[in-house]
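Undergrad: Here's a structure for you.
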Amino acid sequence: MSNANIAHVQSRYAAFGRGDVAAIIAGASADIDWEAVGRQSDFPALGPRKGAEQVREFFKVVSENEDFSDFSPREFYAVDDKVFVLGSYRLKVKKTGKPVASEWVHVFTLKDGKVTRFREHTDTAQFAEAYRG
């Protein structure tokens, strides 16, 4: 089960790399609990979302606000129904042109071959500062 869960999560990252949001949504439960932990008032992509439509909106907000030069999921660990991913990214905030470079941790919870919960933990202070300019 753990290897299957890791493969499922890796396929979602591959979809992100292709810009295939539909494939990301297809790999999630209809009522997915999704959160880039932080305050939406600091940066529009932060905060909780619920359900496939709000996750679709999340990726729209990411596309409108972030210009990635690097997105690197590097390490994958599975325990029971969870997959933990360690990675990093470099991007510019489109509104200000300011850079963000951060390590991150993504935590996926899976059930019946679908992602039911996602959490991103990153350096939200960098996002807030870059967004404010």
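Undergrad: When you check V61 against the structure, is it farther than 15 Å from R12 by Cα and at pLDDT 95 or above, yes or no?
TA: Details: farther than 15 Å from R12 by Cα: yes; at pLDDT 95 or above: yes.
The answer is yes for V61.
Undergrad: Whether any residue in the stretch 32-40 is closer than 20 Å to L91 by Cα, in contact (Cβ under 8 Å) with a residue 60 or more places away in the chain, outside any helix (DSSP H, G or I) and in contact with a His (Cβ under 6 Å, 6 or more places away or on another chain) is what I want to check.
TA: Taking every residue of the stretch 32-40 in turn, at least one turns out to be closer than 20 Å to L91 by Cα, in contact (Cβ under 8 Å) with a residue 60 or more places away in the chain, outside any helix (DSSP H, G or I) and in contact with a His (Cβ under 6 Å, 6 or more places away or on another chain).
Undergrad: Moving on to the next point. Looking only at the stretch 85-105, how many residues end up being within 18 Å of A14 (Cβ to Cβ) and not aliphatic (A, V, I, L, M)?
TA: Final tally of qualifying residues: 4.
Undergrad: Here is a follow-up. I'm checking my understanding of the structure. Among residues of the stretch 110-127 that are among the aliphatic types (A, V, I, L, M) and out of contact with any Gly (no Cβ under 8 Å at 6 or more places or on another chain), which one is nearest to V93 (Cα to Cα)?
TA: Per the criteria, the residue is A125.
Undergrad: State which residue is surrounded by the most Cβ atoms within 10 Å (Cβ to Cβ) when the search covers only the stretch 61-103 and only residues that are of a type in the set (K, R) and without any contact (Cβ under 8 Å) to a residue 24 or more places away in the chain.
TA: Looking at the filtered set, the residue picked out is R90.
Undergrad: Here's something else I'd like to know. Residue by residue through the stretch 4-33, note down the ones that are within 18 Å of L86 (Cα to Cα), in contact with an Asp or Glu (Cβ under 9 Å, 6 or more places away or on another chain) and buried (at least 17 other Cβ atoms within 10 Å of the Cβ).
TA: Selection gives N5 alone.
Undergrad: Those residues that are of a type outside the set (V, I, T), in a helix (DSSP H, G or I) and surrounded by 14 or more Cβ atoms within 10 Å (Cβ to Cβ), I need them from the stretch 104-133; list them, please. Quick ask: steps written out before the conclusion?
TA: Within the stretch 104-133, the first condition is being of a type outside the set (V, I, T), and the residues that meet it are 104, 106, 108, 110-114, 117-121, 123, 125-133.
So of that shortlist, the ones also in a helix (DSSP H, G or I) come out as 125-132.
Passing the criteria: Q126, F127, A128, E129, A130, Y131.
Undergrad: Is one or more of the residues making up the stretch 46-56 touching a residue at least 40 places away in the same chain (Cβ under 8 Å), within 17 Å of D123 (Cα to Cα) and either β-branched (V, I, T) or not in a strand (DSSP E or B) (or both)?
TA: yes
Undergrad: Being of a type in the set (V, I, T) and under 12 Å from the mean Cα position of the chain (by Cα), is that true of even one residue in the stretch 83-102? Don't jump to the end; show me each part of the working.
TA: Kept after step one, since they are of a type in the set (V, I, T), are these residues of the stretch 83-102: 83, 85, 93, 96, 100.
The next check asks that each one be under 12 Å from the mean Cα position of the chain (by Cα); those that pass are 85.
Looking through the stretch 83-102, at least one residue is of a type in the set (V, I, T) and under 12 Å from the mean Cα position of the chain (by Cα).
Undergrad: Looking only at the stretch 1-21, decide whether some residue is small (G, A, S) and assigned to a strand (DSSP E or B).
TA: no
Undergrad: Another question, then. Among the residues of the stretch 13-26, are any in contact (Cβ under 8 Å) with a residue 40 or more places away in the chain, at negative phi and of a type in the set (D, E)?
TA: no
The values are calculated or read from the model by the stated rules, or taken from the named source; none is laboratory data. The model shown is predicted, which means the values in this text are computed figures rather than measured ones. Backbone-built Cβ (ideal geometry, glycine too); neighbour counts: all protein chains shown.
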